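Novice: So that we are looking at the same thing, I have put the structure below in structure tokens.
The values are calculated or read from the model by the stated rules, or taken from the named source; none is laboratory data. Since this is a predicted model, take the numbers as computed values, not measurements. Please note: Cβ atoms are built from the backbone with ideal geometry, for glycine as well, and neighbour counts cover all protein chains shown.
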Amino acid sequence: MSEQAEITQNQNSNQISFPKMEEEILARWAKQNIFQKSLDSKKKAYSFYDGPPFATGLPHYGHLLASTLKDIVPRYWTMRGFRVERRWGWDCHGLPIEQEIDKKHQFKSTNEIEAFGIARYNEECRSIVLRFTEEWERVITRLGRWADFKNDYKTMDRDFMESVWWVFKQIWDKGLIYRGYKVMAFSTALGTPLSNFEAGSNYQEVQDPAITISFPLVDDPNVSFLAWTTTPWTLPSNLSLLVGKDISYSKIKTKDGKQFILAEALLSKFFKEGDYQIEENTLGLNLVGTAYVPLFDFFKSLPAPHFTVQLSDHVSTEDGTGIVHSAPAHGEEDYASGKLLGLKLICPVDPHGLFTDEVPTYKDLYVKDADKLIIQDLKKSGRLFKQETINHRYAFCPRTDTPLISRAVASWFVSVEKIKDKLCEINASQTHWVPEHLRDGRFGKWLENARDWAISRNRYWGNPLPIWEAFEEPVQNRESFCLGSLEELQKFTGEQFKDIHREHLDDIIIEKNGKKFKRVPEVLDCWFESGSMPYAQYHYPFENKKQFEAEFPADFIGEGLDQTRGWFYTLSVLGTILFEKIPFKNVVVNGLILAEDGKKMSKRLKNYPDPMDVMHSYGADALRLYLIDSPVIRAEELRFSEKGVKEIVRKVQLKLWNAYSFFESYAEIDGYKKSMWTKPPQSKNILDRWIISRMQSLLKRIETEMTLYHLYSVVPEVLKFLEELTNTYIRLNRSRFWDEGFTEDKKSAFDTLHYVMTDFSKVMAPFMPFLSDKLYLLLSNETGKESVHLDDYPRSQETLINPSLEQGVALLEEVILLSRNLREKEKIKVRIPLKELVIVHRKASALESLRPLESYLKSELNIRNISYTSDEPKYVEVSIKANGATLGPRAGKRMGELMKAISTLSFEDLQKLDEGERLKVAGDVEISAEDVRITRKPVDGSHSVSASSKIAVALDLSVDRDQELEGNAREIINRIQNFRKDTGLNLADRIHLEIQAPKELLESLNKHRTFIMEQTLALEIKEVSSCQYPRTGNFEIDGQSITLALKKA
């Protein structure tokens, strides 16, 4: 770029503070009500659902990432002519809120809470639910995300809760709600079971005891079964031993005369060869019914089939002894087996993980703490055969970070397994996932293995289950009914309810058919509420029925990868049951953001910068672009780096702002009048036509990729275009803006740059809403809309796309890069002109596409002569390899054969592939240009050669005296321009100049005086022995001193 342009860039860069600019734009948006106007101006609906966050904590980078995605997509479709409502929501119920109150009052049990009073407890929960809402709104607004906070929905509002009741009632009426016992992952810290997806979200590596226990046969106490477990605390609840029907079991006798039974395949894990002999082998089927001596006396009076050997399909020989100790209350398979056998459900563990008085030896001991004592007792009784420790992954409570246990609980369930096939079918047929592999992969596999969903919680602050039971009847045979509306509740009670939380319903008795009914005590899992959000936010079906039905399912939702087993799942289950529809058409899934060191972001460790500090330092635009131009948009991990945000400012924002500054500086000098463009300007200049073509190609790509929600494909293309605009178009066209007068060509340059930058401000608007709006308003000069976000997104005009021209400029950029690399390698300065550049490409059409751009190459590379040749072998050695990415899936086992065949292709074959022809290799395999990778290696010759996979260049790097003098002249120009900048001159200011310099530099000055004067706007240049003008400066050129003095003309 010329020194004049550099002055403009640097001056303007120093004048812009992006964070301050963003604050000003936020104020203008608020004052002019821009968000609401963007809604009011559109009629056609595009629906977007926003999952409700908890407001009990502050937003973190994960929230900001999701919010950025949830802002980009609605902004884009708004500019495409759609009305996109963006209603905010709050998740108000559930354990996170209850935990806060429990900590405050140090509640350890549900008894303490109920003594405190459910009404008081819930009121305290309500008081803290919205504690951080103002902070959330401040942060989300500062990010530039538009969201409707005024018309927000809250899951604790009566209307929302009523719609959730309606959802529940629909499922009840379909016979898909049932109450049953089920072994579930249970949080003893919270005293409640967790849903499947919660239980699987926090696995940790732990060390646990691994013990093998003996179970003597009742009929032959000298023979013992061996069973293995990593949960000694479950042994007091043991009720049976389980074996595999077709597994071979060995009865062995050891050297010391002891006899044991275990799987034949696992003998070597417990006994050394020669230390035992096999007395007999038998199948598991033959062991069924064998009675054994209970480990403890707690439940020994239970009759058979308690304490007998039974069959189970889940027994294997992968680990342990091939014999499984079964405690039906503490294992899913154990429970299923026990239920089949009619075993009594024994659960001597209370909701807080403490042993009850059913096992007095361990009463009030926490189960995990009891492991050591139980092992000691087994050792004393002679039942401990072997003791080890094991390292394995174990499930922890995601709320409290404490170990989960398996525990049988009475719960209400949604029969997901009954609708699983339909769920999988419509997920595959109705939804589009980004990344695509998640639909049938992570999410699809989760659906295939879906189990019935436990939707009730034995807690207080939540939406009460709307089920009433005849409480005076036996538990097993109680009549029950479900209410699905406030109207039904009022009908049965004669009362009106402003609030339907537990404290208002628990004491109500309904009389029906001569029986008395009370509501069951449980509340709904808050995931059921968030899954009901599409209906409940509208108070459907009680209100807004037309709006809901017109906008369901949502066109778009987006959240993090963890929601594949959370919100995405609950939405899908409820939508399938209610309407046989997944409630979303398109879902964008983002990955996890880690601290820079790769660890989880932690407030305690302080291993990440505060988001508000980052936005205060660099602006929200920079943070947004950093996040979306990263692996997290492909649902991968990102290590957050503040340096990365800073780089966005330098590489993107300043570059774009400098492009505007360049335009504005010269537009002001020439009095160029800005107005909005209804269509691209026409120009004879080849680079004008190229950048307009590139803009249309970009718009076409964006239209395609945004329809597919491939943001990860859009952002790199947008940033690539910015590079082309600044480093190719502006850099190569700068001299057109310097020309005297206002020629037709100069006007075309202004028109083209203004049009492209105006459209680019619209292109960038969804991604960088602040800087885009600023540039749009500056470029439109009050002839456009109030905001770029009220304008239309530009549409591609395909008739203006010129692929051949775009290819030519792409090759030009490659030639410039290769030639500069050669100069740098040989340490020849850019300001020294070189004699010849040879451009080498086997394809004549590629060379022809470069010829019209020759003048730009000469100017940019400082080359006197350019020649073209298709004689590649003279300059480069070309090698070719197979492209495994495209060929691999097709070739299979023949890949090696194809690789060999492709490596021997001739120069002529490569030319055919370049021309778009297809070739057959290895006899019958057809390949195209995309199936090969080409490399070029320079060969020795008179010119220095540099090559890439696209093209090769050869430079004559010899330098004579004439070239040195011209190079020095360009160095002098550089120093004068720097001097102009230092003295604060305007771009158009003319000057008188004095130069005091050595003879060699003066020789260059005299030979190129006219050129130097033109470039520096000097009316005269005097050679002096002592400078007289008031402004002086000392500089150096290749070790030679030069003094400059100037005065403004």
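Novice: With the structure loaded, tell me whether GLU966 is surrounded by 15 or more Cβ atoms within 10 Å (Cβ to Cβ) and among the acidic types (Asp, Glu) or whether it fails that test. Steps first, please.
Specialist: Numbers: surrounded by 15 or more Cβ atoms within 10 Å (Cβ to Cβ): yes; among the acidic types (Asp, Glu): yes.
Yes; evaluated as a whole, the condition is true for this residue.
Novice: Kindly establish whether SER819 is of a type in the set (Ser, Thr, Tyr) and part of a helix (DSSP H, G or I). Full working, then the answer.
Specialist: Values: of a type in the set (Ser, Thr, Tyr): yes; part of a helix (DSSP H, G or I): yes.
So SER819 fits the description; yes.
Novice: Next question, about the same structure. One residue is enough: does segment 938-957 have a residue meeting the conditions farther than 24 Å from ILE839 by Cα and either acidic (Asp, Glu) or in contact (Cβ under 8 Å) with a residue 12 or more places away in the chain (or both)? First the steps, then the outcome.
Specialist: Restricting attention to segment 938-957, the residues satisfying the condition of being farther than 24 Å from ILE839 by Cα are none.
No: zero hits.
Novice: To continue, here is another question. Tell me, yes or no, whether segment 304-327 has at least one residue that is part of a loop (DSSP other than H, G, I, E, B) and among the aromatic types (Phe, Trp, Tyr).
Specialist: Start the filter on segment 304-327 by keeping residues that are part of a loop (DSSP other than H, G, I, E, B), which leaves 304-307, 312-323, 327.
Pick out the ones that are also among the aromatic types (Phe, Trp, Tyr) and you get 307.
Yes, segment 304-327 contains at least one residue that is part of a loop (DSSP other than H, G, I, E, B) and among the aromatic types (Phe, Trp, Tyr).
Novice: Related question: Just checking, which of VAL588, VAL614 is free of Cβ contacts under 8 Å to residues at least 60 places away in the same chain and either under 30 Å from PHE18 (Cβ atoms) or out of contact with any strand residue (DSSP E or B) (no Cβ under 9 Å at 6 or more places or on another chain) (or both)?
Specialist: Values: VAL588 fails: free of Cβ contacts under 8 Å to residues at least 60 places away in the same chain.
After applying the criteria, what remains is VAL614.
Novice: For segment 1007-1028, enumerate the residues that are within 58 Å of the chain's Cα centre (by Cα) and outside any helix (DSSP H, G or I).
Specialist: Correct list: HIS1008, LEU1017, ALA1018.
Novice: Right, next: Against the definition (touching a residue at least 12 places away in the same chain (Cβ under 8 Å) and surrounded by fewer than 17 Cβ atoms within 10 Å (Cβ to Cβ)), how does VAL309 come out, yes or no?
Specialist: No: the conditions fail for VAL309.
Novice: Here's another thing I want to ask about it. Looking only at segment 1010-1028, which residues are touching a strand residue (DSSP E or B) at 6+ places or on another chain (Cβ under 9 Å), within 28 Å of ASP739 (Cβ to Cβ) and surrounded by fewer than 16 Cβ atoms within 10 Å (Cβ to Cβ)? Show your work before the answer.
Specialist: Within segment 1010-1028, the subset touching a strand residue (DSSP E or B) at 6+ places or on another chain (Cβ under 9 Å) is 1012-1013, 1016-1028.
Going one step further and asking which of them are within 28 Å of ASP739 (Cβ to Cβ), we end up with 1012-1013, 1016-1022.
Answer for segment 1010-1028, where residues must be touching a strand residue (DSSP E or B) at 6+ places or on another chain (Cβ under 9 Å), within 28 Å of ASP739 (Cβ to Cβ) and surrounded by fewer than 16 Cβ atoms within 10 Å (Cβ to Cβ): LEU1019, GLU1020, LYS1022.
Novice: Another one. Which condition breaks for SER630 when tested against (1) touching a strand residue (DSSP E or B) at 6+ places or on another chain (Cβ under 7 Å); (2) more than 22 Å from ALA66 (Cα to Cα); (3) small (Gly, Ala, Ser)?
Specialist: (2)
Novice: Testing ILE669 on (1) in contact with a His (Cβ under 9 Å, 6 or more places away or on another chain); (2) of a type in the set (A, V, I, L, M); (3) surrounded by fewer than 16 Cβ atoms within 10 Å (Cβ to Cβ), one condition comes back false. Which one is that?
Specialist: (1)
Novice: Among the candidates ARG736, ARG694, single out the residue that is of a type outside the set (Asp, Glu) and surrounded by 21 or more Cβ atoms within 10 Å (Cβ to Cβ). Don't jump to the end; show me each part of the working.
Specialist: Numbers: ARG736 fails: surrounded by 21 or more Cβ atoms within 10 Å (Cβ to Cβ).
Among ARG736, ARG694, only ARG694 is of a type outside the set (Asp, Glu) and surrounded by 21 or more Cβ atoms within 10 Å (Cβ to Cβ).
Novice: Would you check if ILE702 is within 15 Å of ARG795 (Cβ to Cβ), buried (at least 18 other Cβ atoms within 10 Å of the Cβ) and within 21 Å of the chain's Cα centre (by Cα)? Reasoning before the result, please.
Specialist: Numbers: within 15 Å of ARG795 (Cβ to Cβ): yes; buried (at least 18 other Cβ atoms within 10 Å of the Cβ): yes; within 21 Å of the chain's Cα centre (by Cα): yes.
Answer is yes for this residue.
Novice: Being under 40 Å from the mean Cα position of the chain (by Cα) and more than 25 Å from ALA119 (Cβ to Cβ) narrows it down to one residue among ASN458, ASN449; which is it? Before you say what the answer is, go through the steps one by one.
Specialist: Values: ASN458 fails: more than 25 Å from ALA119 (Cβ to Cβ).
Going through ASN458, ASN449 in turn, the sole match is ASN449.
Novice: It is to be established whether one or more residues within segment 288-296 are farther than 15 Å from LYS253 by Cα, polar (S, T, N, Q) and assigned by TED's automatic domain parsing to the domain that holds PHE215.
Specialist: Yes, because at least one residue in segment 288-296 is farther than 15 Å from LYS253 by Cα, polar (S, T, N, Q) and assigned by TED's automatic domain parsing to the domain that holds PHE215.
Novice: Taking the condition of being without any contact (Cβ under 8 Å) to a residue 60 or more places away in the chain and either under 18 Å from ARG842 (Cα atoms) or touching a His at 6+ places or on another chain (Cβ under 9 Å) (or both), how many residues in segment 876-893 meet it?
Specialist: At the first step, the residues of segment 876-893 found to be without any contact (Cβ under 8 Å) to a residue 60 or more places away in the chain are 878-893.
If we keep only those that are either under 18 Å from ARG842 (Cα atoms) or touching a His at 6+ places or on another chain (Cβ under 9 Å) (or both) too, we end up with 878-881.
The total comes to 4.
Novice: Would you pick out the residues in segment 513-530 that are in contact (Cβ under 8 Å) with a residue 60 or more places away in the chain and either of a type outside the set (Asp, Glu) or part of a loop (DSSP other than H, G, I, E, B) (or both)?
Specialist: Within segment 513-530, the first condition is being in contact (Cβ under 8 Å) with a residue 60 or more places away in the chain, and the residues that meet it are 520-530.
Of everything in segment 513-530, those that are in contact (Cβ under 8 Å) with a residue 60 or more places away in the chain and either of a type outside the set (Asp, Glu) or part of a loop (DSSP other than H, G, I, E, B) (or both) turn out to be VAL520, PRO521, GLU522, VAL523, LEU524, ASP525, CYS526, TRP527, PHE528, SER530.
Novice: Which condition number in (1) surrounded by fewer than 19 Cβ atoms within 10 Å (Cβ to Cβ); (2) of a type in the set (Phe, Trp, Tyr); (3) outside any loop (DSSP other than H, G, I, E, B) is the one that PHE542 fails?
Specialist: If we test PHE542 against (1) surrounded by fewer than 19 Cβ atoms within 10 Å (Cβ to Cβ); (2) of a type in the set (Phe, Trp, Tyr); (3) outside any loop (DSSP other than H, G, I, E, B), just (3) comes out false.
Novice: Quick one: which helices (runs of 4 or more DSSP H) lie wholly within segment 2-79 and hold at least 1 residues that are at pLDDT below 85?
Specialist: On the way: elements: 3-15, 18-32, 34-40, 61-79.
Fully inside segment 2-79 and qualifying: 3-15.
Conditions (1) polar (S, T, N, Q); (2) surrounded by 22 or more Cβ atoms within 10 Å (Cβ to Cβ); (3) in the same structural domain as ALA265 (by TED's automatic domain parsing), marked per residue:
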position: ARG179; (1), (2), (3): no, no, no
position: PRO216; (1), (2), (3): no, no, yes
position: VAL223; (1), (2), (3): no, no, yes
position: TRP228; (1), (2), (3): no, yes, yes
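Novice: OK, next. Considering only segment 388-401, state which residues are in a loop (DSSP other than H, G, I, E, B) and surrounded by 15 or more Cβ atoms within 10 Å (Cβ to Cβ). Explain how you work it out, then say what you get.
Specialist: We begin by selecting, within segment 388-401, every residue in a loop (DSSP other than H, G, I, E, B); these are 397-401.
Within segment 388-401, CYS397, PRO398, ARG399, THR400 qualify.
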